[in-house]
Structure formats: C-alpha cells, structure tokens
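Q: Before I ask anything, here is the structure I am working with.
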Amino acid sequence: MSTRQARYEGKAKILYATDDPTVFISHFKDDATAFNAQKRGTILDKGHVNCAVSTRLFQWLEAHGIATHWIETISERDMRVRAVTIVPLEVVVRNRAAGSLCKQTGLPLGSELVPPLVEFYLKNDALGDPLLTPDRLRLLTVASEDQVQELRRLALAVNSLLLEFFRRCDILLVDFKLEFGLDPQQRLVLADEISPDTCRLWDCRVTDPCDRILDKDRFRQDLAQVEAAYQQVLDRVLAQSIER
C-alpha cells in the first residue's frame with residue numbers, strides 16, 4: 001500500500017490509489033466549504049475529527065448489519081476503503097426541520113418529522129445538487145427504481161442506528177446526508193463519511209439555539225468555537241462502545 005497517487009480530490013477528502021485496485025485510501029482534509037463551495041475556509045483538525053468520528057460510526061453500523069466501504073483506519077486522517085462506483089445521489093434523512101427544509105416550506109426550526117423525511121438530491125456541484133422528485137429520478141435514470149427503494153430502506157435503517165448512538169452521546173441527530181456506492185457484486189454499500197460535516201447535531205445538554213450547534217452550521221453561520229464543537233462530538237462519540 002505504498003502508492004499515493006491521487007485519483008480524486010473533493011471538497012473534504014482526497015482519494016488515493018494503492019497497489020490493490022480494489023482498495024483506496026481516503027484522506028480527510030481540514031478544508032471547509034458551504035453553500036455549494038461559495039464559502040470556503042479551514043477548520044483546524046477537522047480532518048482528524050471527521051476521520052475518527054466516521055470510523056467509530058462505520059464500526060457501529062457494520063456491527064449492526066449495514067455494509068460500508070470502510071476497511072480500517074490507518075492514521076489520524078487516513079482510512080482504507082473498498083473501491084465502489086458512487087451512485088450520483090445524495091440521500092438526506094431529516095428527523096427535525098432545519099436548513100433548506102425550513103426555508104422552502106416555512107416549517108419552524110426544530111419541528112419533529114414523523115416519520116423521518118427521506119430526500120434525494122442529484123450529486124452535481126455545477127447544478128447546485130438539486131432536489132429530485134420521484135419523476136425526475138425516473139427521468140434521469142441515475143438509479144433504478146429498485147435501487148431507489150433500497151437506498152430509502154438503507155437510509156432509514158442507518159437513521160435508526162445513528163439516532164440510538166447519538167442519543168447515548170446526549171446529541172440530537174437533526175438530519176444528515178449519505179452517499180452510497182455499488183461494489184463489484186452490484187451491492188449498495190454506504191460510502192463517503194458520517195461526521196459533523198455531513199450531519200446536523202444539536203447538544204441535548206444546552207438549550208441556547210446557537211450554543212447547541214455541534215456541526216458545520218457553526219461554520220456556515222459564522223459562529224464561534226467551530227473547532228471546539230467538532231471536538232465535543234469526537235469526545236462523546238469515542239466515549240461510546242460500538243456494542244448495543
């Protein structure tokens with residue numbers, strides 16, 4: 001695994017090839033972006049935090065029957081992952097109303113959504129990652145109808161497991177984004193990361209609307225103590241066992 005040829009660089013990670021074509025190294029960066037990369041910056045040690053949080057959550061999900069691309073974490077910012085073909089959809093699960101959902105519907109911030117809302121967005125920065133209706137999903141053929149149903153099922157299963165895990169951490173999982181890939185057997189596998197970059201996380205130990213934010217909304221909204229919030233998530237996540 002000595003090869004370090006960059007195969008892809010995104011906003012938050014670099015994917016490196018290895019001497020095994022079925023394995024990549026995912027390197028987590030400190031770069032931070034928001035509003036479809038219109039806002040850019042750096043969050044100190046974000047790469048380390050997100051790699052460690054993603055590792056623990058991938059371990060938790062794997063232990064409870066969810067297949068992921070994670071193989072092992074080899075350093076503070078690097079994990080070995082299985083090569084998959086990414087499905088060009090972002091799957092968003094919402095347990096509470098926040099962000100674009102509030103802006104587009106008028107729902108009050110924090111409104112509980114029962115059942116959880118599952119949304120599909122086209123993974124395309126140039127188009128602004130647009131929300132897709134069922135008819136648009138069928139029109140674009142980026143995933144078959146069976147795959148879309150399986151993505152929904154997997155997303156809800158992941159949601160149930162993450163809700164349980166974060167509840168133990170005294171953190172409310174407001175919403176989050178998932179990405180999936182197809183392995184060589186055409187099985188859908190959870191990929192990318194699960195971290196304060198991709199989840200809205202509210203601290204259950206405080207009530208102030210700003211102080212409770214433990215995720216990238218602190219960067220989006222120019223709130224102070226972004227690094228401290230990420231570290232708080234890491235500390236609580238690492239304090240939890242991956243066993244039920």
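Q: Quick one: grab the alpha carbon gyration tensor of region 74-156, order the square roots of its eigenvalues as a ≥ b ≥ c, and give me rounded if a/c is under 1.5, else prolate or oblate depending on whether a/b is larger than b/c.
A: Cα axes put region 74-156 in the oblate bin.
Q: Just in region 115-201: which trypsin sites (Lys or Arg not before Pro) are loop by DSSP and have at most 12 other Cβ atoms within 10 Å? Don't skip to the answer; put the middle values down first.
A: Details: sites: K123, R136, R138, R152, R153, R167, R168, K177, R187, R200; in loops: K123, R187.
Passing both the DSSP loop test and the Cβ count: R187.
Q: Right, here's the next one. Determine the dipole magnitude for region 85-224: charges of +1 sit on the beta-carbon of Lys and Arg, -1 on that of Asp and Glu, nothing else is charged, the reference point is the Cα centre, and the result goes in debye to the nearest 20.
A: Details: 18 positive and 23 negative charges, 52 e Å.
Taking the Cα centre of region 85-224 as origin, the dipole is about 260 debye.
Q: Could you check which residue among D215, D20, D135 shows the biggest mean-square fluctuation in a GNM of the chain with a 10 Å Cα cutoff?
A: In the Gaussian network model the winner is D135.
Q: Positive end of the charge dipole of region 100-197 (Lys, Arg +1 and Asp, Glu -1 on Cβ, about the Cα centre): tell me which of L163, L151, P134 has its Cα farthest that way.
A: Farthest towards the positive end: P134.
Q: While we're here: Only Cα pairs under 8 Å and at least 6 apart count here; give the relative contact order of region 85-224 as a rounded whole percent. Mind dumping the intermediate values first?
A: Working: 213 pairs, mean separation 32.7, N = 140.
Normalised by residue count, the contact order of region 85-224 is 23 percent.
Q: Also: To the nearest 20 debye, what charge dipole does region 163-244 have about its Cα centre, counting +1 at the Cβ of each Lys and Arg and -1 at the Cβ of each Asp and Glu? Spell out each step's value before the answer.
A: Numbers: 12 positive and 17 negative charges, 46 e Å.
Approximately 220 debye in magnitude.
Q: Let's see if you can work this out: charge +1 on each Lys and Arg Cβ, -1 on each Asp and Glu Cβ, no other charges. What is the dipole magnitude of the chain about its Cα centre, in debye to the nearest 20? Can you show the working numbers first?
A: Values: 32 positive and 36 negative charges, 56 e Å.
Here the chain has a charge dipole of around 280 debye.
Q: Just tell me which lysines come within less than 25 Å, Cα to Cα, of K46; anything on the same chain fewer than 8 places away is out.
A: Here the lysines satisfying the reach criterion relative to K46 are K11, K13, K29, K123, K177, K216.
Q: Could you state the number of Å between the C-alpha centres of region 119-151 and region 216-244?
A: If you average the Cα positions of each part, the centres end up 30 Å apart.
Q: Please name which of M79, Q59, L107 has its Cα lying farthest along the dipole of the chain towards the positive end, using unit charges on Cβ (Lys, Arg +1; Asp, Glu -1) and the Cα centre as origin.
A: Toward the positive end, the furthest listed residue is L107.
Q: Which order do the peptides 49-55, 139-145 come out in when sorted by mean C-beta neighbours inside 10 angstrom, highest first?
A: Values: 49-55: 23.7, 139-145: 13.0.
Highest-to-lowest ranking by the protection proxy: 49-55, 139-145.
Q: Using only alpha carbon pairs under 8 Å that are at least six residues apart, calculate the relative contact order of region 6-82 and give it in whole percent. Before the final figure, lay out the partial values.
A: Working: 126 pairs, mean separation 20.4, N = 77.
Relative contact order of region 6-82: 26 percent.
No lab work stands behind these numbers, since they all come straight from the coordinates. Quick caveat, the model's predicted, so the values are computed rather than measured. Note: ideal-geometry Cβ built from the backbone for every residue, glycine included; neighbour counts use all protein chains shown.
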